[in-house]
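The values are calculated or read from the model by the stated rules, or taken from the named source; none is laboratory data. A quick note: this is a predicted structure, and the numbers were derived from the prediction, not measured. Glycine also receives a Cβ, built like all others from the backbone with ideal geometry; neighbour counts cover every protein chain displayed. In case anyone asks, the SASA skips ligands and DNA or RNA and just uses the protein heavy atoms, side chains included. Shrake-Rupley method; radii C 1.70, N 1.55, O 1.52, S 1.80 Å.
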Amino acid sequence: MSGSRLPDGGRIDRSAAVEFQWDNRQVSGFKGDTLASALMAHGETIFGRSFKYHRPRGIMSAGVEESGAIVTVGRGARRDPNVKATTQEIYNGLYAKGQNAWPNVRRDLGAVNSLFSRFFSAGFYYKTFMGIPPMEWGKGTGIWMQYEKLIRKAAGMGVASREPDPDIYDHGHLFCDVLVVGSGPAGLAAAVEAAKAGLDVVLVEQDFEIGGDYLNQSNTEAEQKRNTAIAELEKHGARVMTRTTAFGLYDYGVAGLLERVTDHLSEPASHIPRQRFLTLRTKQTILATGAMERTVAFGNNDIPGIMTAAAANTYVNRFGVLPGKQIIVATNNDSAYGPALTLAKAGAEVTLLDSRTSIPANISGLLETKGVTVKTGATALNANGKRGISSLDLATGSRAHWTSGDTQECDLLLMSGGWSPVVNLLSHRGVRPVWDADNLCFVAPEYDEPIQMAGSACAIWGTSDCEASGQAAGAAAVAEIKNQSASSPSAPNAGGWETPIDPLYEVSVEGKQLKSFIDPQHDVTADDVRLAHQEGFVSVEHLKRYTTLGMATDQGKMGNIIGLALMAEALGKEIPQVGTTTFRPPYTPISLGALTGRGKGAHFKGLRRTPMHEWNLAHGATMTEAGLWQRPWYFARDGETITEAYIRETISTRETVGLVDVTSLGKIAIQGPDATELINRVYSNAFAKLPVGKARYGIMLRDDGIVMDDGTSWRFSDTDYFMTTTTAHAAKVMVFLEELLQTRWSNLKVHVTSVSEQWAGSAVAGPKSRAVLEACVADPASVSNDALPFMGVTETTLKNGVSCRIARISFSGEMAYEMYVESDYAESMMDLLWPAAQSFDGCLYGTETLGALRIEKGHVTGVELDGRATIDDAGLGKMASDQKSYIGSALRKRPDLMRTDRPQLVGIFPKDKSEKFKAGSVLCADGKVEGHGDGWITAVTHSPSLGHWIGLGYINGGHDQWTGQTVVAADPVRTGNTNVEIVSPHMVDPSGERMRG
Amino acid sequence: MIRINCPFCGERDHSEFTYGGDGSIVYPELDAPAEEWVEAIFQRENIRGVQTETWHHVSGCRQWLVIERDTMTHEIHSIKAAHEGVAKVLEAGT
């Protein structure tokens, strides 16, 4: 192939030169060029090396179906592999390289693979994985890991950047009445029809220019039609989006669009996203997605200098590039005649081979007068040439029996093996295309979707027929939306060729070994398909996976039909009986960045800060994540480590007083005449008789009898409760209460409202906690032991006039209070509490100390109530009421849940008190460290009260069964084994005197 | 993407909702025998075709809805508020 720029013509802007880099060389092109057209104009032939055999590959098409010119664009963090040179616009500074080659695509050492091609046939990976016969040498995972490193390096596509993606990507949402996909003659006509009817139209075009096949026609009439349609669309307010691919169609008229915003710009502004991932909802979709010309399998049909006839036509008419000078066109249908004329007019020497034995004399005569040599009953058999085609061995005769013919010199071979309508998007909707035996392609069947197909996507070949088809599709969409009976013009029929297409998929002659590719991107040959059949693969879906046919980045856009045809032949069936594989989204590849959008890094998930977040930081907090919340972890003083800090905080709290931010707890206002009834039904323990002014600890079960959550409920009046939940289950409890009230108990007169964000809270814990409160409230008597006894609740006023609600409840095991103020007053509350606490040598503490205090007490949290534990397993079974029915009461007593050998909550001490152990260790009987053991450790801490490490966990049968026995806390991948003993979970102050105090 | 026409908010993407579960279940009384609860909680039909299910408009009005949806096509045949009283008011209003 020796491409060159034509002196004039094309849609490129010859006044705007563009400089870019290809394989470390400076190259120039024009605005309006693709990377492929610009390089073709420079005579470039080799763009990459093939997947397995490292054969040279060149330009095969002029669009998204490209399987040869696959390149890497960009460098550093912006290196983007597997970009089709045929769709990449050039811009000043573009940096592109051929891929899958070393040192470069022109001299690639990997080409040695070609010599071993015998071993790389279909199923190579599977067979290697299974061992190499006859000795099954190399079987097994270990040796595969070794092969894999080598294979991955040699086989494959380009290499993605390992650096974080520096670009931003946006997600967006669109709504419209009619989505039109494709802006060729059919798409434009459809969009104009719908827009004229006053509908809200979005037209998307994957190319950078509107016009589709109009762009490939050199006549002024086509250009006029294009311009008129664009003007009409603008006039009627249609939204027209170029560089936008409709990559998938989904339920309810939802389409996924990818808009490439800056991929064609030299220096995009930094605030503009590289791509936008748009979710569009439409009432009607019109698919004017066109058709793709396919090739035919014959010997060496993959070498550079072989492309489709339509592609050559595009390079001449749209890009002003003549792809070759001595050209052979091989066709089995009428569509290649136009391109043959185009090329002859552009100055090439053209020979046309038609596999059909007769064509109308007027057509061949016209070609002859324009200087095209026409040979009927002839086609391509085998291409010769190493780095590009230099001559072609012809086959003569007919499809029934080919014989070897002459060899003819050429520098470009154009193939036309028929056209495949792009039915991919319709296929996304689960509509299986059917075989059109007249046009030899898959087309849409009858279907029930709000989708209209138009133009060559329906196998309609002529431009004016496509326009009429588009108009009809537009009118049909309008009729559907406006609920009118379709008075629309009827669409033209499929087809449009004078002489029927010849069903030619592969060319071979007896006794000649050929290397005929059907999926050039994955190096799948015609022989691979036959081998797969020989090895017992008869389903087309299995064929695909075994040979990897159609599994490369082009997803078989060009090769699938030939593969199916060869499979059908091997099976002795017809193509429709073999069927086709299912097309799935995305139509063309989408970057992970676009899928991710802005949801990465700090924006990956929500961030919740308590209203005293800044206050905590200002007072020395180190923060930790608790779900979405940021909570204080510990407050280190004077360079303390976390361990030193939490031990100090734990001691201070037990000896004097500590303050901890508890705002993240879930808080629900439960109000109404039936509030008590609701609470009594959802908690497993008795609540009906909870007096006004009291709080109670409660445990909620799920319907199946397993513990859902625990928390407290405070009663302010007959009809007004304040429920707290754990931080982790706040949302779940709220949703469950809403579900119960709306779906099951709609007769209850009660409202639930999440007030988690409205109240900010601090726990005040320790022997001096009451003294701290007395120093902070306006009326110290309101918090006296009489006014606010254990489990008492009060609403009172702080010294600064802020209203607060206080309950005397304890998670730490000390005398303790939880107090809440409206969120805006959080810092003012802390500004009162903290100096008071300091006057008693108190401390601020975080989740680490919270954990230490509660583990010492054997109080459970989410790690113990893990969705598997029953209330009995957690040692709280005695709290559950037998006097009432509640959610989960029926199923908590299922026989299996009542077994006494179930894992039960226990405390854990090390045998040697100087030793420590870790949460997550498996508890095993001494001498039986194996399998899942008999239990596990959920939480550990150093206990300042006891002076050694302690833990909580579950063990089969519970405390009683293991008393006095040595148990092993097995932690094989971290610290090893530690001997422990099983104790009651209530390790400090088991009688609870301190908190009642 | 399923589009759900919430009776309170209008048509919205299903990403605003969470799926609840089988909407055809009549939950037993709390004091009903365990067998009835086993039936209600664990026994589920795997329906191919139209099934009744509950959805929660959790990122919207927080109302629970009862929806008849075809499991083959995702086509929604009916939507109403799960709360009986509210559903009646809405029906009367139209």
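Could you tell me whether A:Ala468 is under 30 Å from A:Ser218 (Cβ atoms), assigned to a helix (DSSP H, G or I) and in contact (Cβ under 8 Å) with a residue 40 or more places away in the chain?
Values: under 30 Å from A:Ser218 (Cβ atoms): yes; assigned to a helix (DSSP H, G or I): yes; in contact (Cβ under 8 Å) with a residue 40 or more places away in the chain: yes.
Yes; evaluated as a whole, the condition is true for this residue.
Selection of the stretch A:318-337 for residues being outside any strand (DSSP E or B) and within 18 Å of A:Gly388 (Cα to Cα) yields A:Pro323, A:Gly324, A:Lys325.
Answer yes or no: is there a residue in the stretch A:667-676 that is in a loop (DSSP other than H, G, I, E, B), surrounded by fewer than 21 Cβ atoms within 10 Å (Cβ to Cβ), within 14 Å of chain B (Cβ to nearest Cβ) and at pLDDT below 95. Taking every residue of the stretch A:667-676 in turn, none turns out to be in a loop (DSSP other than H, G, I, E, B), surrounded by fewer than 21 Cβ atoms within 10 Å (Cβ to Cβ), within 14 Å of chain B (Cβ to nearest Cβ) and at pLDDT below 95. Output the residues belonging to the stretch B:30-48 that are farther than 20 Å from A:Thr743 by Cα and either touching a strand residue (DSSP E or B) at 6+ places or on another chain (Cβ under 6 Å) or at the interface with chain A (Cβ under 8 Å from one of its Cβ atoms) (or both). Within the stretch B:30-48, B:Pro33, B:Ala34 meet the criteria.
Scan the stretch A:39-52 and tell me whether some residue there is open to solvent by 40 Å² or more (accessible area, probe 1.4 Å), touching a residue at least 24 places away in the same chain (Cβ under 8 Å) and not in a loop (DSSP other than H, G, I, E, B). Break it down stepwise before answering.
Taking the stretch A:39-52 and keeping what is open to solvent by 40 Å² or more (accessible area, probe 1.4 Å), we get A:42.
Then keep just the ones that are touching a residue at least 24 places away in the same chain (Cβ under 8 Å); that gives A:42.
Remaining after also requiring not in a loop (DSSP other than H, G, I, E, B): none.
Among the residues of the stretch A:39-52, not one is open to solvent by 40 Å² or more (accessible area, probe 1.4 Å), touching a residue at least 24 places away in the same chain (Cβ under 8 Å) and not in a loop (DSSP other than H, G, I, E, B), which makes the answer no.
Within the stretch A:159-182, residues that are within 30 Å of A:Ile481 (Cα to Cα) reach partners that are of a type in the set (Phe, Trp, Tyr) and at pLDDT 95 or above with beta carbons closer than 6 Å, at six or more positions or on different chains, in the pairs A:His171/A:Phe277. So B:Thr54 fits all but one of (1) more than 8 Å from chain A (Cβ to nearest Cβ); (2) closer than 22 Å to A:Ser754 by Cβ; (3) open to solvent by less than 80 Å² (accessible area, probe 1.4 Å); (4) of a type in the set (S, T, N, Q); what number is the exception? Failing condition for B:Thr54: (1).
Across the stretch A:694-705, the qualifying residues are those that are open to solvent by 10 Å² or more (accessible area, probe 1.4 Å) and within 13 Å of chain B (Cβ to nearest Cβ), and the one among them that is nearest to A:Gly666 (Cα to Cα) is A:Arg702. Here B:Thr71 passes the criteria (1) more than 7 Å from chain A (Cβ to nearest Cβ); (2) touching a residue at least 40 places away in the same chain (Cβ under 8 Å) except the one numbered (2).
Just so you know, in the stretch B:74-86 the residues that are more than 8 Å from every other protein chain (Cβ to nearest Cβ) and more than 24 Å from A:Trp745 (Cα to Cα) include one that is surrounded by the most Cβ atoms within 10 Å (Cβ to Cβ), and it is B:Ile76.
Scanning the stretch A:751-802 for residues that are open to solvent by less than 20 Å² (accessible area, probe 1.4 Å), within 28 Å of A:Phe736 (Cα to Cα) and in a strand (DSSP E or B) returns A:Ala760, A:Gly761, A:Ser762, A:Ala763, A:Gly792, A:Val793. When the strands (runs of 3 or more DSSP E) confined to the stretch A:866-978 are screened for residues that are surrounded by 21 or more Cβ atoms within 10 Å (Cβ to Cβ) and under 40 Å from the mean Cα position of the chain (by Cα), those reaching at least 3 such residues are found at A:935-943, A:948-956. The residues of the stretch B:1-16 that are at the interface with chain A (Cβ under 10 Å from one of its Cβ atoms) and of a type in the set (D, E, K, R), listed by number, are B:Arg3, B:Glu11, B:Asp13. When the stretch A:709-721 is filtered for residues that are part of a strand (DSSP E or B) and over 14 Å from A:Gly666 (Cα atoms), the ones remaining, listed by number, are A:Arg715, A:Phe716, A:Ser717, A:Asp720. Residues satisfying the criterion are present in the stretch A:836-849 (criterion: open to solvent by 40 Å² or more (accessible area, probe 1.4 Å), at pLDDT 95 or above, under 30 Å from A:Met612 (Cα atoms) and charged (D, E, K, R)).
Filtering the stretch A:338-355 down to residues that are among the hydroxyl-bearing types (Ser, Thr, Tyr) and either surrounded by 24 or more Cβ atoms within 10 Å (Cβ to Cβ) or not in a helix (DSSP H, G or I) (or both), which residue is farthest from the chain's Cα centre (by Cα)? Walk me through how you get there before you give the answer.
To start, the set of residues in the stretch A:338-355 that are among the hydroxyl-bearing types (Ser, Thr, Tyr) comprises A:342, A:351, A:355.
Going one step further and asking which of them are either surrounded by 24 or more Cβ atoms within 10 Å (Cβ to Cβ) or not in a helix (DSSP H, G or I) (or both), we end up with A:351, A:355.
Working: A:Thr351: 49, A:Ser355: 46 Å.
Among those that are among the hydroxyl-bearing types (Ser, Thr, Tyr) and either surrounded by 24 or more Cβ atoms within 10 Å (Cβ to Cβ) or not in a helix (DSSP H, G or I) (or both), it is A:Thr351.
Given the options A:Val764, A:Val733, name the one that is touching a residue at least 60 places away in the same chain (Cβ under 8 Å), touching a Gly at 6+ places or on another chain (Cβ under 9 Å) and more than 14 Å from every other protein chain (Cβ to nearest Cβ). Talk me through it step by step, then tell me what you get.
Working: A:Val733 fails: more than 14 Å from every other protein chain (Cβ to nearest Cβ).
On inspection, the qualifying residue turns out to be A:Val764.
A:Ile286 falls short of the stated requirement of being under 27 Å from A:Thr357 (Cα atoms) and in a strand (DSSP E or B).
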